[in-house]
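A.B. asks: Please find one structure pasted underneath; my questions will follow.
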Amino acid sequence: MNLDFSRITQQEGVYYLTPEDAGFSKHYLAVREKENRILTDADVRKLPFLNRDEWPYRVKSTERFINYIATKKQPQTILTIGCGNGWFSNKIAEVSSENAIIGLDVNREELEQAARVFKKDNLYFIYADIFKIPASFHGKFDSITLNGAIQYFKDFEGLMQLLQSFLTENGEIHIIDSPFYKTNEIAAAKNVRKRIMKILVFQK
Ligand SMILES: C[S@@+](CC[C@H](N)C(=O)[O-])C[C@H]1O[C@@H](n2cnc3c(N)ncnc32)[C@H](O)[C@@H]1O
């Protein structure tokens, strides 16, 4: 792999590239809990083959991406941003042991779950805020994925610009399993989100 984590602090199998923001993990997990989206280790191991919520829809997009990566010349270095519990990073790591997969997130609990459930020599779980990443990420990745994660980032243009600087010469960014709205649909989509957040707050 063209990145060296050997001198980086590691705890519970997770490498810490930027200081932890404990507040984010706490609030994020509180919402996920309300949504009933915190999965047990046993369920995480099964993903995406879980017969509830959106999971049946995600099987196809996962297979499509995995098959695509398998057509690429190895070795590849792949960054999965917002990897959460690590299931998708693990699926990519299974394609070839020659590839190196870095799952990155700012949610310590899920990263620790990822490192506990999925152990592979070519799979690394990193705690880092993507906007505070060290310069060592520049020009390093053949592919970057945001799977079910792009909606967490306010500044789409800024994020894309940053991620492009992390790519190798013919590198690619893949945005997967995320809703995109036409301009005239945005207000309605925001309203739905607001209603969900209200329900979550009132149910506390
Ligand atoms: C909905 S979850 C993604 C779930 C996962 N990719 C999946 O497919 O099941 C979005 C993730 O983005 C992470 N995230 C949000 N802002 C981030 C940032 N600035 N840097 C890194 N990760 C971030 C969150 O912690 C969260 O785990």
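A.B. asks: On a 0 to 90 degree scale, rounded to 10, what angle separates helix 22-34 from the longest Cα axis of the chain?
C.D. replies: The two axes meet at around 60 degrees.
A.B. asks: Still on this structure, please answer the following. Kindly rank 33-39, 75-81 from highest to lowest mean number of other beta carbons found within 10 Å of each residue.
C.D. replies: 75-81, 33-39
A.B. asks: Sticking with this structure for a sec: Tell me, how many Å apart are the Cα centres for the range 1-72 and for the range 97-176?
C.D. replies: Using only Cα atoms, the two centres lie 11 Å from each other.
A.B. asks: Aspartates and glutamates near K26 by alpha-carbon distance under 16 Å, same-chain residues fewer than 8 away left out - which ones?
C.D. replies: Reachable aspartates and glutamates: E35, D105, E109, E110, E112, D129.
A.B. asks: For the chain, what does the helix formula give at 222 nm: sum of -39500 (n - 2.57) over DSSP H segments with n ≥ 4, over the residue count, nearest 500 deg cm²/dmol?
C.D. replies: Mean residue ellipticity, 222 nm, calculated: -12000 deg cm²/dmol.
A.B. asks: Shifting gears a bit: If R0 is 22 Å, what FRET efficiency do you get for F49 and Q151 from their C-beta distance, rounded to 0.05?
C.D. replies: Computed FRET efficiency for F49 and Q151: 0.40.
A.B. asks: Does the range 13-86 come out rounded, prolate or oblate by the C-alpha gyration tensor, with a ≥ b ≥ c the root eigenvalues, rounded set by a/c under 1.5 and, if not, prolate when a/b is larger than b/c and oblate if not?
C.D. replies: Details: a/c = 2.63, a/b = 1.24, b/c = 2.13.
Because a/c hits 1.5 or more and a/b fails to exceed b/c, the range 13-86 counts as oblate.
A.B. asks: If you stretched the chain out fully between K73 and S61, how much longer would it get, using 0.36 nm times the residue separation minus the C-alpha to C-alpha distance?
C.D. replies: The K73-S61 span can extend by a further 2.2 nm.
A.B. asks: Enumerate the aspartates and glutamates that K60 could reach by cross-link, defined here as Cα to Cα under 14 Å, with residues fewer than 8 away along the same chain left out.
C.D. replies: List returned: D177.
A.B. asks: What residues of the range 1-25 lie in the reach of a label at D41, counting those whose backbone N is under 15 Å from a point 7 Å from the Cα along Cα→Cβ?
C.D. replies: Zone members listed by number: 12-14.
A.B. asks: Now a separate question. Which residue, chosen from T183, I69, I102, occupies the Cα position most advanced towards the positive end of the dipole of the range 10-202, where the dipole is computed from +1 (Lys, Arg) and -1 (Asp, Glu) charges on Cβ about the Cα centre?
C.D. replies: T183
A.B. asks: Using only the Cα atoms of the range 70-168, build the gyration tensor, take square roots of its eigenvalues as a ≥ b ≥ c, and label the shape rounded, prolate or oblate: rounded if a/c is under 1.5, else prolate if a/b is larger than b/c, else oblate.
C.D. replies: Note, shape of the range 70-168 comes out oblate.
A.B. asks: Can I ask one more? Name the shape class, rounded, prolate or oblate, that the alpha-carbon gyration tensor gives for the chain, where a ≥ b ≥ c are the square roots of its eigenvalues, rounded holds for a/c under 1.5, and otherwise prolate holds if a/b is larger than b/c and oblate otherwise.
C.D. replies: Rounded is the answer for the chain, as its axis ratio a/c remains below 1.5.
A.B. asks: Let me ask something else about it. Straight-line reach only, C-alpha to C-alpha below 13 angstrom: list the aspartates and glutamates that K120 could link to, leaving out same-chain residues fewer than 8 apart.
C.D. replies: Output for K120: E94, E98.
A.B. asks: Further question on the same structure: Taking 0.36 nm per residue of separation and subtracting the Cα-Cα distance, what length does fully extending D21 through A187 add?
C.D. replies: Using 0.36 nm per residue and subtracting the Cα-Cα distance, I get 56.7 nm.
A.B. asks: When the chain is fully extended, how far beyond the present Cα-Cα distance does K132 get from D4, taking 0.36 nm per residue of separation?
C.D. replies: Going from the current span to full extension adds 44.3 nm.
None of the figures in this text is laboratory data; all of them are computed from the coordinates on show. Computed from a predicted structure; not experimentally measured. With ideal geometry, Cβ positions are generated from the backbone for all residues, glycine too; neighbour counts draw on all protein chains shown.
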